[in-house]
1. Compute, for the range 8-112, the length of the dipole vector about the Cα centre, with Cβ point charges of +1 (Lys, Arg) and -1 (Asp, Glu) only. Units Debye, rounded to 20.
2. Give me, ordered by chain and number, the residues 5 or more places off H106 or on other chains with an amide H under 5 Å from its own placed amide H.
3. Taking the simple approach of a point 7 Å from Cα along Cα-to-Cβ for both W49 and Y100, what is their distance in nm?
4. Could you give the length gained on full extension between N116 and K69, defined as 0.36 nm per residue of separation minus the Cα-Cα distance, in nm?
5. For V19 and T107, FRET efficiency with R0 = 35 Å and r from the beta-carbon atoms, rounded to 0.05?
6. Just want the answer: with Cβ charges of +1 for Lys and Arg and -1 for Asp and Glu, which residue in Y64, P52, S17 is farthest toward the dipole's positive end in the chain?
7. Helix-only mean residue ellipticity at 222 nm, the chain, DSSP H runs n ≥ 4 weighted -39,500 (n - 2.57), per residue, nearest 500. What is it?
8. For F15, F89, what's the fewest-to-most ordering of other Cβ within 10 Å of each Cβ?
Amino acid sequence: MEYLEGYVYHIKDEFFSKVQDRKLMQNKENGNFRPTYFCLRDPQTSLLWMIPMSSRCQKYQAIYEKQRKKYGKCITIVMGEYGGKKAAFLLQNMFPTSDYYLDHIHTINGNPVPVNSAI
């Protein structure tokens, strides 16, 4: 699949079978295509960095605030919005992959939804 900047993707099962890292957020939790990943290309290596997203914002907002209080900032979680809903971008769980392992772009009502550039 061809990577398009600024969108959210799902990863092929083949990636998780090959890597076999139980610490990665696994594909198809509860029979769904989850989690979704915001994707960024590293211009120096051409690798894609996959950033897991979560709708469990209350949980991650608490962690975010705790880190901000303790360290003055939070560099592991970015709170934002995707598809008109709050979302947590989990930088602490990001990992690299290649274009080959992109399964499909995430859509809402059949339409690809870009991530707000302010995130």
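1. My answer is approximately 660 debye.
2. V8, Y9, H10
3. 2.3 nm
4. Result for the pair: 14.3 nm of gain on full extension.
5. The pair T107/V19 has a calculated efficiency of 0.85.
6. Y64
7. -5500 deg cm²/dmol
8. F15, F89
Since every read-out is calculated from the coordinates, none of them should be taken as a lab result. Since we're looking at a predicted model, the values are computed, not measured. As a convention, Cβ positions derive from the backbone with ideal geometry for all residues, glycine included, and neighbour counts pool all protein chains shown.
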